[in-house]
1. Residue under question is GLU99, and the condition is that it be loosely packed, with under 14 Cβ neighbours inside 10 Å, touching a residue at least 40 places away in the same chain (Cβ under 8 Å) and either acidic (Asp, Glu) or not assigned by TED's automatic domain parsing to the domain that holds HIS289 (or both); does it hold?
2. What is the residue count in the stretch 119-148 for residues that are touching an Asp or Glu at 6+ places or on another chain (Cβ under 8 Å) and either among the basic types (Lys, Arg) or part of a loop (DSSP other than H, G, I, E, B) (or both)?
3. Say whether the condition of being part of a strand (DSSP E or B) and not acidic (Asp, Glu) is met by at least one residue in the stretch 222-236.
4. Of all residues in the stretch 146-188, which are touching a helix residue (DSSP H, G or I) at 6+ places or on another chain (Cβ under 8 Å), among the hydrophobic types (A, V, I, L, M, F, W, C) and either surrounded by fewer than 16 Cβ atoms within 10 Å (Cβ to Cβ) or not assigned by TED's automatic domain parsing to the domain that holds GLY307 (or both)?
5. Determine if the stretch 210-221 includes at least one residue that is in contact with a helix residue (DSSP H, G or I) (Cβ under 9 Å, 6 or more places away or on another chain), farther than 30 Å from VAL92 by Cβ, assigned by TED's automatic domain parsing to the domain that holds ARG281 and part of a loop (DSSP other than H, G, I, E, B).
6. With the requirement that a residue be loosely packed, with under 15 Cβ neighbours inside 10 Å, in contact (Cβ under 8 Å) with a residue 12 or more places away in the chain and not small (Gly, Ala, Ser), what does the stretch 190-225 give you?
7. Is it the case that SER88 is part of a loop (DSSP other than H, G, I, E, B) and either touching a Gly at 6+ places or on another chain (Cβ under 8 Å) or at pLDDT 50 or above (or both)?
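The values are calculated or read from the model by the stated rules, or taken from the named source; none is laboratory data. Please read all numbers here as calculations on a predicted model, not as lab measurements. Neighbour counts run over all protein chains shown; Cβ positions are idealised from the backbone, glycine included.
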Amino acid sequence: MKLIFGPTLKLGLRQPTAEEQLADRVRSRMGLLQMMLQIGNQLFGRKYLRHNSLLLGRNIVSVIAHIISKFLGADQIPWLFFGAAFTSIRSVVSLALRELTKRFGAVVAVDQATLTVASGEFLVIVGASGCGKTTTLRLIAGLEAPDSGTIFIGGVPVNDVPVGKRGVQMIFQSYALWPHMKVFDEHRYTNLSLPLKIRKWSGDKIGEFLRPLTQKLGIEESFFQRRPQELSGGQQQRVALGRAMATSPRILLMDEPLSNIDPPNRLRMRGEIMAFHKENRLTTIYVTHNVADGFALADRIAVMKNGRFEQVDTPETLMRQPATAYVADFFKAEQLPRAGSFAQVRR
């Protein structure tokens, strides 16, 4: 029997664009990467991958990023994170507010506010009391619904995404600790262990991770068996900060987290906040009345007035080139470092 082949049939199919080819390559490599992470978990044990601050976790991420760069190119390497399941891929995300408005009766708390926060940026919002800072955080977290405008996280509209599903963690000025729970016990549901208990961590793993964290934050072991009402305001604030650090948010919102901390501990905890931000490559928005904190922490500072952002810029630019008279007067009233000393303040 003879097989007779005719001429090649050309269907004239459209060639995929460069963007489509890249998307296909990324999808295939992500599947490979997920498999590599799962194999890593089986070989090394989950306890070694429980948090990306551990040396082994960082080394594994570096190796995987190097492998991916060979396939995708150095400019296409995704940022990788071990989430609650420790085999997930989590990217650093940007945040954008577009003409966001929130009213409470006749009061306009946020008035067509527009803001863009870059991936991994530490943005500080300052302004007079009642200017809309806290309301803006609550809108981002999903605790309030905007009357108009759009919130984007990672370029995706999240107005209809419920609270708890946005990858956002918020530290409240009022602490929001569970009043019936003690501070910490790795084998029970407590204020510090609750987020990890929900994620099915064992008591031993919780203790290994949280006990060093409590030492960094100055939460003494003698406080562990106390309930929030038995703590001072500063102690409650440390517990609230520790609870936020125990989770793996994509965006961290802080509403006056250091307002009740005494000056010596304030400087130390300021350093812990910055180290946590850098170590986990978070996108952080920090509201404060203490402009010195803003200068020490911020990549950029957003000055808010009457529900709108007057100017968003680097601390040095705000001092040297204020866009409005309000911004100029706002910083003149503060005891701030002279121009040229900003680098020393941020160290």
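1. On the way: loosely packed, with under 14 Cβ neighbours inside 10 Å: yes; touching a residue at least 40 places away in the same chain (Cβ under 8 Å): yes; either acidic (Asp, Glu) or not assigned by TED's automatic domain parsing to the domain that holds HIS289 (or both): yes.
The answer is yes for GLU99.
2. 4
3. First pass over the stretch 222-236, keeping only residues part of a strand (DSSP E or B): none.
No; the residues of the stretch 222-236 include none that is part of a strand (DSSP E or B) and not acidic (Asp, Glu).
4. VAL163, ALA176, TRP178
5. Checked against the condition, which is being in contact with a helix residue (DSSP H, G or I) (Cβ under 9 Å, 6 or more places away or on another chain), farther than 30 Å from VAL92 by Cβ, assigned by TED's automatic domain parsing to the domain that holds ARG281 and part of a loop (DSSP other than H, G, I, E, B), the stretch 210-221 yields at least one hit.
6. Hits for the stretch 190-225 are ASP204, GLN225.
7. Spelling it out, it is not the case that SER88 is part of a loop (DSSP other than H, G, I, E, B) and either touching a Gly at 6+ places or on another chain (Cβ under 8 Å) or at pLDDT 50 or above (or both).
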